[in-house]
1. Expressed as a whole percentage, what fraction of the accessible surface of region 213-285 belongs to carbon and sulfur atoms when a 1.4 Å probe is rolled over the protein heavy atoms?
2. Using θ = phi - 60° and the Karplus form 6.51 cos²θ - 1.76 cosθ + 1.60, what ³J(HN,Hα) does each residue of region 323-333 get, whole Hz, x for Gly and Pro?
3. How large is ³J(HN,Hα), in whole Hz, for each residue of region 73-83 in order, when computed from phi with the Karplus curve 6.51 cos²θ - 1.76 cosθ + 1.60 and θ = phi - 60°, using x for Gly and Pro?
4. Restricting to the chain, compute how many DSSP beta bridges are antiparallel as a %, nearest 5.
5. For a quick check: with amide H placed at 1.01 Å from N, whose amide H comes under 5 Å from residue 295's, ignoring anything fewer than 5 positions away on the same chain?
6. Give me the net charge of residue 140's neighbourhood, meaning all other residues with Cβ under 10 Å from the Cβ of residue 140; Lys, Arg count +1, Asp, Glu -1.
7. Indicate the gyration tensor shape class of the chain (rounded, prolate or oblate), computed on the Cα atoms with a ≥ b ≥ c the square roots of the eigenvalues: a/c under 1.5 is rounded; otherwise a/b larger than b/c is prolate and the rest oblate.
8. At 0.36 nm per residue, and after removing the present C-alpha to C-alpha distance, how many nm does the segment from residue 307 to residue 38 gain when stretched out fully?
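The values are calculated or read from the model by the stated rules, or taken from the named source; none is laboratory data. Computed from a predicted model, the values in this text were never measured in an experiment. Here the Cβ positions follow ideal geometry from the backbone for every residue, glycine too, while neighbour counts run over all protein chains shown. In case anyone asks, the SASA skips ligands and DNA or RNA and just uses the protein heavy atoms, side chains included. Shrake-Rupley method; radii C 1.70, N 1.55, O 1.52, S 1.80 Å.
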Amino acid sequence: MIEASRLMTRVPLVDLHAQYLANRAEFDGALGRCIRSSSFIGGPDHEAFAAEFAEFCGGHVALCASGTDAIELALAELLGKGDGTGEIVTVSHTFIATAEAVSNAGYRPVFADVDPETYLMDVSEVERVITSKTKALLPVHLYGQMVAMDRLTTIAGRHHLPVIEDAAQAHGATYRGKSPGQWGDAACFSFYPGKNLGAWGDGGAVVSRDKSLAQRISMRANHGRKDKYEHPFAGVSSRLDGLQAAILRVKLRHLSQWNKARRRAAEWYDELLDGTDGIQLPKTSSDAEHVFHLYVVQIEDRDRILRELNRHGIGAGVHYPIPVHEQPAYGNLGISPESLPVTHRIAQRILSLPIYPEITREQVETVSAELRSRLRR
Ligand SMILES: *Cc1c(COP(=O)(O)O)cnc(C)c1O
């Protein structure tokens, strides 16, 4: 049954195997070298990847074990451990990890609504939710497009608040030519396998223009360690392992090209779906360079169409069907579903279409045709 449905998959949501096959010798060589040197924690690949990713982002880098940890470590270092009363302004239309990092660091997530066309934090809503308890702003560069960081950092400056960017879906994205980490105090990346820059396991990084901040976060992620036996402060165990660093070094060399291929696939969807009744296409701000981690449209009757697409071998998905403020896990916040009307509404309408660098024009045509024929009914 499972095997049959896999054979029927004509276009998966993401295709990590295609990426492996296209660069097999590079990946196998990198893993082999790492294994032969037994550098499983720390080591040459770990150091080299930190330097190469820093160069790519134009900042200083602290590597850690996941994107969620990256956010929590940045909050802990910038604000200290919270007592549960301090508030962090973010969005509910995101992966739950954004809010988890906030609550695990001892803060309370407070949500601004999102823009119905870009799906990103509605910056004009932010000042409305800032209170005397607000400690930081945490924008999420969702789907590969950056939030309007010029306006957001102006607001942050006015209220003397640090800005921590959730860039888990935005490796290589820019806003007005500046990438994550060049706007805020720190930007947090995930290297979860399906991300634009993904490891073969978990991984994360914090990027900052502040060298000493990046160094402290790096120490915090490794038991507060300064050298082998000296620990100036107590940290946690959240390290990126050597094998993941080796894979990420290979992938970083391809990232700009892969992001370009994602943009080309998004243009194909734009072209093939534009003007179709009953569908709203994603909007990119003219100030933003979008890296299309996901290509997300809005339709009516989403659940039915999603089921039918899946049944016909199209690996469409939803990111995310239940907003954070409507998750049982955050019921304690006491936020009614409709108090974030755009977030609540788009969660029922959004549909993520297959997108990855290796997707072909023919596959995009197949997805578009299958989707269009279902919208007409
Ligand atoms: C993936 C993701 C995270 C968490 O990253 P992990 O590496 O899975 O811990 C956080 N925020 C967003 C928006 C994400 O997409």
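1. 45 percent
2. Once rounded to whole Hz, the list reads x, 4, 5, 9, 6, x, 4, 10, x, 5, 6.
3. 5, 5, 5, 4, 6, 7, 10, x, 5, x, 9
4. Antiparallel bridges make up about 60 percent of those DSSP assigns within the chain.
5. 353
6. -2
7. Verdict is oblate for the chain.
8. 92.2 nm
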